[in-house]
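Before any comments, here is the structure.
The values are calculated or read from the model by the stated rules, or taken from the named source; none is laboratory data. Here the structure is a predicted model, which means the values were calculated and not measured. A quick note on method: Cβ atoms are made from the backbone with ideal geometry, for glycine too, and the neighbour counts reach across all protein chains shown. Calculation scope for accessible area: heavy atoms of the full protein, side chains included, ligands and nucleic acids excluded. Shrake-Rupley method; radii C 1.70, N 1.55, O 1.52, S 1.80 Å.
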Amino acid sequence: MSFLANFIALFVESAPWLLFGFALAGLIKVFVPQQLLTRQLGGGGLWTTVKAAFIGAPLPLCSCGVVPTALGLRRSGASKNATVSFLVATPETGVDSVSVSYALLGPVMAIARPVTAICSAIVAGVLVGRSEE
């Protein structure tokens, strides 16, 4: 395939997920009060980072759709560490990736994968929070 054909194929494949991410970011902006989001994800501590990881973990967003959603969170008042934690946890813990892990690697890895993803998201958020100090 040529470069242009590959580009178009990737564009067509990722476009629905990008639109889903933009829609989710818009829904967050419209329906979640900014004061609530700032109160829950606006701080710079460890608890804020942990909450952001657990909020992002069950969402069915891939790496394409999580970027506009994270930008929406950040623009609505979430701190940098919470945004990074959300950004790391969300695509790693999708139902599709966990089910593939179960099918290919077994139940132990299917459980270990989301636990490790949440832990890595918390570590990433803490490191970003440390760099702000």
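Of the residues contained in segment 47-58, one or more are found to be over 16 Å from PRO91 (Cα atoms) and either open to solvent by 90 Å² or more (accessible area, probe 1.4 Å) or touching a strand residue (DSSP E or B) at 6+ places or on another chain (Cβ under 7 Å) (or both).
Out of PRO68, PRO91, I need the residue that is modelled with pLDDT of 80 or more and in contact with a Cys (Cβ under 6 Å, 6 or more places away or on another chain). Which one? After ruling out the rest, the residue left standing is PRO91.
Among the residues of segment 20-62, those that are in contact (Cβ under 8 Å) with a residue 24 or more places away in the chain and outside any helix (DSSP H, G or I) comprise VAL32, GLY42, GLY43, GLY44, GLY45, ALA57, PRO58, LEU59, PRO60, LEU61, CYS62. Residues in segment 32-39: is at least one among the β-branched types (Val, Ile, Thr) and either within 25 Å of PRO16 (Cα to Cα) or surrounded by fewer than 17 Cβ atoms within 10 Å (Cβ to Cβ) (or both)? Within segment 32-39, one or more residues are among the β-branched types (Val, Ile, Thr) and either within 25 Å of PRO16 (Cα to Cα) or surrounded by fewer than 17 Cβ atoms within 10 Å (Cβ to Cβ) (or both). Test ALA25 against the stated conditions and say whether it is open to solvent by less than 80 Å² (accessible area, probe 1.4 Å), aliphatic (A, V, I, L, M) and either modelled with pLDDT under 85 or over 20 Å from ILE118 (Cα atoms) (or both). Yes; evaluated as a whole, the condition is true for this residue. Among the residues of segment 63-109, those that are assigned to a helix (DSSP H, G or I), small (Gly, Ala, Ser), open to solvent by less than 10 Å² (accessible area, probe 1.4 Å) and touching a Ser or Thr at 6+ places or on another chain (Cβ under 9 Å) comprise GLY65, ALA70, ALA82, SER85, ALA89.
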